[in-house]
Amino acid sequence: MHLGSPQLHSGVVSVPPFLFEAILYAPIDDTNSTAKIGNGIVFFTLYKKEVGMWDSLTLENASKETLQYLRENAVRKAHEKAKEETEAKKVTKQEHKKYALEATMKLEEAERKRIEELKEQERQKVTKELELWEDQQKYVENQKKVQKEGQLHEEVGQLKEKKKEKNNKTSIPSEETLKTRLKPTKGSGSYSMFSENLKEEQLPAPRSSGTIKINFTSRVFPTALRESRVAEEEEWLHKQAEARRIISADLSELEDLKEEEKNPDWLKDKGNKMFATGNYLAAVNAYNLAVRLNNKRPLLYLNRAACHLKLRNLHKAIEDSSKALELLTPPVPDNENARVKAYVRRGTAFCQLELYAEGLQDYEAALKIDPKNKTIEKDAEKIRHIIQGTMQNS
Amino acid sequence: MAAAAGPERPQVVAHVQQALSYTLFDCKWVPRSARLLCLGSAARGTGVVQLYELRAGRLELLREIEKAKPIKCGTFGAASLQQRYLATGDFGGSLNVWNLEAPEIPVYSVKGHKEIINSIDGVGGLGIGEGAPEIVTGSRDGTVKVWDPRQKDTPVANMEPVQGESKRDCWTVAFGNAYTQEERVVCAGYDNGDIKLFDLKTMSLRWETNIKNGVCSVEFDRKDVNMNKLVATSLEGKFHVFDMRTQHPTKGFASVSEKAHKSTIWQVRHLPQNRDIFMTSGGAGSLHLWKYEYPAQRSKKDSEGAEMGVAGSVSLLQNVTLSTQPISSLDWSPDKKGLCVCGAFDQTVRVLIVTKLNKV
């Protein structure tokens, strides 16, 4: 139900689907006015804004425009009022929340304070105890100092006595014992040395020297956990494992081969043997077949590159070295040797093609990985000379 | 923030805090006194030794000594109670023993290592432990050497890598098992996670293991008893407590491990007055106080009838965060229960009091 007309003239009761509207004679106070519905009757209790008799309940003789205007006004005013009310509600809600929050904060503060106080009490108690102890320590220190000085005089006196005795007796043993007792405390002031003598018990002699040789825990890779480039190393291991597993599915041609000839490892070994005996073409064939079976093994390419070098197939050598290098990523200590070889072989190929600059690049890369290799160094030097030579000429 | 629950738990009370003008590497209590030493490196690359006295809620500087090389670590462990000589290891690999009353010339000096001495420990002094006073140093050059201040220039024991073996930094050393005149062991922790136990009586390697992460600190719960427990802390927030009473022929010593601090655990120190309580300091500036509980049976027989140890459990008593920088050094006072000093990389030394340790 909606009761309208703040300050204005209309009274509206809407209970859908019914609507009662009356433009009243004079303004009413709508906050206090009520309309009760029940038993088929609507009971209005309207409070007049201004006391006085009305000529009639509704405004008669009002023109349509006036009525319209009044109605609209009334509606508008009603809206505004509603808005204001919601605003007011919001504000009160906020305030309630704030109040609740403050109350909680106060409680927590109180709790915190209580704990702080407990701690403070502890602190003070403990500080007092500590101060007592400190004073005690100071006292003890002072006592010690006094004692020391007293002893000092005593001991100096005693020693003088002993010396006198010694001189009289010329007994060597006592001199020696005096000396050995002096050894333990070297380089310190004379007085404390003497106090040591008289007080210390017999200490065992210094231990006879010994050495214990130790080994450190080895790892798959020689780096500690904190230094390890674990991710890269894992990648490399993974690749290697994969490489061993891949076998290309070109079965038709391979049916003719014997079992062992299908094994890339066996083929690699064969190739190596043939390389060693100088049969480079055969070695290349072996490697080719191995690569067809498993094209992820860097060593196959590496070795084939060496063969091509010997056969003066320089472009192929370069190709194979490059492929090998590609497969030898990520660069980890484990594949250092292989990478050095790849760079060197490619470098050689470049030089034989008279592409000295590229060759030098590869040699320097190899040197970076293995700076201690003298042959690589020498070769790099030679290339540099050649480059300088050609530059001077041209 | 200190855990507030349970007013019966030990509380860590920050007593005094002192800002320093140099990098602090080690702090130690002077035995039988209310004095403490701070060792470190000044900005101009020289070593600093400062002697403070705890007086009425403040640290008063009694003495400041400057040395040529920055000092990394120090110990009173091998000194007698009267003399209280300080043994230090510096960045240049030299071991020096100083008389603090006359610090210009060291009482004993040797350039024992080729690289920085990371850690030092002493035994046989201070009325603790039997046998000759000895100092052990562990260095970045991978060697661990034991020195007797009565023998010049050469160590009495040298634990070095085999020829050709690549070396690993030794980060920490500790003496233990010094309960008779002859018995003694040295435990060393390395940066690759190796922990090695050397028996000095038989001059041999008694046990080794690897805890995967670099070992920052090892300590026996007591140096002067039959070895009981060993705590080893490491990078990545882990520490292990080994029960050293029972050594299995293949499995070695039983251990329990805990994760804490969420960062490197720099130091572990046992309470001198109660060997089952220890404190660990972390890379995030926090201190954790732990208690070890023994199992019902410390050893049991395995399937072949060999004795093997049973590790107990560790419970956290208290934790507190004091700084944002790592707390790199920690020392309990041997004279006052609960008093400890810690030094952090924020160039501050703090004196703390841990309360209610009697009730633990």
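The values are calculated or read from the model by the stated rules, or taken from the named source; none is laboratory data. Bear in mind the structure is a predicted one, so any value in this text is a computation, not a measurement. Note that each Cβ is placed from the backbone with ideal geometry, even for glycine, and that neighbours are counted across all protein chains shown.
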Picked from segment B:312-327 (must be surrounded by 18 or more Cβ atoms within 10 Å (Cβ to Cβ) and among the β-branched types (Val, Ile, Thr)), the residue nearest to B:Asp243 (Cα to Cα) is B:Val314
Segment A:44-93, subset over 60 Å from the mean Cα position of the chain (by Cα) and among the polar types (S, T, N, Q), residue farthest from A:Ile23 (Cα to Cα):
A:Thr45
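For segment B:287-307, enumerate the residues that are under 30 Å from B:Arg9 (Cα atoms) and either among the basic types (Lys, Arg) or touching a residue at least 12 places away in the same chain (Cβ under 8 Å) (or both).
B:Leu287, B:His288, B:Leu289, B:Trp290, B:Lys291, B:Tyr292, B:Glu293, B:Tyr294, B:Pro295, B:Gln297, B:Arg298
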Restricting to segment B:198-216, count the residues that are more than 11 Å from chain A (Cβ to nearest Cβ) and either more than 20 Å from B:Ser263 (Cβ to Cβ) or surrounded by fewer than 24 Cβ atoms within 10 Å (Cβ to Cβ) (or both).
1
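So that you can scan it fast, the table gives a plain yes or no per residue for (1) modelled with pLDDT under 90; (2) more than 25 Å from A:Gly210 (Cβ to Cβ); (3) not hydrophobic (A, V, I, L, M, F, W, C):
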| site | (1), (2), (3) |
| --- | --- |
| B:Lys67 | no, yes, yes |
| B:Ile116 | no, no, no |
| B:Val123 | no, no, no |
| B:Gly138 | no, no, yes |
| B:Asp141 | no, no, yes |
| B:Pro161 | yes, no, yes |
Take B:Gly312 and decide whether it is among the small types (Gly, Ala, Ser) and in contact with a helix residue (DSSP H, G or I) (Cβ under 8 Å, 6 or more places away or on another chain).
no
Return the only residue of B:Asp148, B:Asp141 being within 27 Å of B:Glu66 (Cα to Cα), at the interface with another protein chain (Cβ under 10 Å from one of its Cβ atoms) and among the acidic types (Asp, Glu).
B:Asp148
Among residues of segment B:170-182 being outside any strand (DSSP E or B) and buried (at least 18 other Cβ atoms within 10 Å of the Cβ), the residue nearest to the other protein chains (Cβ to nearest Cβ) is B:Ala178
Matching residues in segment A:106-147 - criterion: being modelled with pLDDT of 85 or more and of a type in the set (Lys, Arg)
A:Lys106, A:Arg112, A:Lys113, A:Arg114
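Pick from A:Asp334, A:Asp320: which is touching a residue at least 12 places away in the same chain (Cβ under 8 Å), assigned to a helix (DSSP H, G or I), closer than 30 Å to A:Thr390 by Cβ and among the charged types (D, E, K, R)? Explain how you work it out, then say what you get.
Numbers: A:Asp334 fails: closer than 30 Å to A:Thr390 by Cβ.
Going through A:Asp334, A:Asp320 in turn, just one is touching a residue at least 12 places away in the same chain (Cβ under 8 Å), assigned to a helix (DSSP H, G or I), closer than 30 Å to A:Thr390 by Cβ and among the charged types (D, E, K, R): A:Asp320.
I'd like the residue in segment B:228-248 that is touching a residue at least 40 places away in the same chain (Cβ under 8 Å) and not in a strand (DSSP E or B) and, out of all such residues, is nearest to B:Val360 (Cα to Cα).
B:Asn228
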List every residue pair whose Cβ atoms sit under 6 Å apart, with the two residues 6 or more apart in sequence or on different chains, where the first one lies in segment A:130-157 and is within 11 Å of another protein chain (Cβ to nearest Cβ) and the second, anywhere, is in a helix (DSSP H, G or I) and surrounded by 12 or more Cβ atoms within 10 Å (Cβ to Cβ).
A:Gln151/A:Ser195
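If you check B:Val351, B:Val314, B:Val341, B:Val320, which single one turns out to be more than 14 Å from chain A (Cβ to nearest Cβ) and part of a strand (DSSP E or B)?
Going through B:Val351, B:Val314, B:Val341, B:Val320 in turn, just one is more than 14 Å from chain A (Cβ to nearest Cβ) and part of a strand (DSSP E or B): B:Val314.
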Could you check segment B:81-113 and list, in sequence order, the residues that are buried (at least 17 other Cβ atoms within 10 Å of the Cβ) and among the hydrophobic types (A, V, I, L, M, F, W, C)?
B:Leu86, B:Ala87, B:Phe91, B:Leu95, B:Val97, B:Trp98, B:Leu100, B:Val107, B:Val110
For segment A:39-57, name all the residues that are among the small types (Gly, Ala, Ser) and either surrounded by 15 or more Cβ atoms within 10 Å (Cβ to Cβ) or on the phi < 0 side of the Ramachandran plot (or both).
A:Ser56
Number of positions in segment B:249-278 that are part of a strand (DSSP E or B) and either touching a helix residue (DSSP H, G or I) at 6+ places or on another chain (Cβ under 8 Å) or over 20 Å from B:Val225 (Cα atoms) (or both)
10
Is it true that some residue in segment B:217-226 is within 14 Å of chain A (Cβ to nearest Cβ), under 20 Å from B:Leu271 (Cα atoms) and modelled with pLDDT of 90 or more?
no
Only one of (1) within 12 Å of chain A (Cβ to nearest Cβ); (2) under 20 Å from B:Ser80 (Cα atoms) fails for B:Val185. Which number is that?
(2)
Being of a type in the set (A, V, I, L, M, F, W, C), over 20 Å from B:Pro149 (Cα atoms) and part of a strand (DSSP E or B) is the filter; apply it to segment B:47-92 and report the residue that is farthest from the other protein chains (Cβ to nearest Cβ).
B:Val48
Considering segment B:217-261, residues that are surrounded by fewer than 18 Cβ atoms within 10 Å (Cβ to Cβ) and of a type in the set (Val, Ile, Thr), and then whichever is farthest from B:Arg168 (Cα to Cα), we arrive at B:Val225
Of residues in segment A:27-45 being of a type in the set (D, E, K, R) and at pLDDT below 75, the one nearest to A:Ser14 (Cα to Cα)
A:Asp30
Here's a check for you: in segment B:1-13, which residue that is surrounded by fewer than 15 Cβ atoms within 10 Å (Cβ to Cβ) and at pLDDT 60 or above is farthest from the other protein chains (Cβ to nearest Cβ)?
B:Glu8
Has segment A:46-63 got at least one residue that is at pLDDT 70 or above, part of a strand (DSSP E or B), under 24 Å from A:Glu85 (Cβ atoms) and not aliphatic (A, V, I, L, M)?
yes
Filtered residues of segment B:156-169 (kept if at the interface with another protein chain (Cβ under 7 Å from one of its Cβ atoms) and part of a loop (DSSP other than H, G, I, E, B))
B:Val156, B:Val162, B:Glu165, B:Ser166, B:Arg168
Return yes when B:Gln267 is touching a residue at least 40 places away in the same chain (Cβ under 8 Å), more than 16 Å from B:Val144 (Cβ to Cβ) and more than 15 Å from the chain's Cα centre (by Cα) and no when it is not.
no
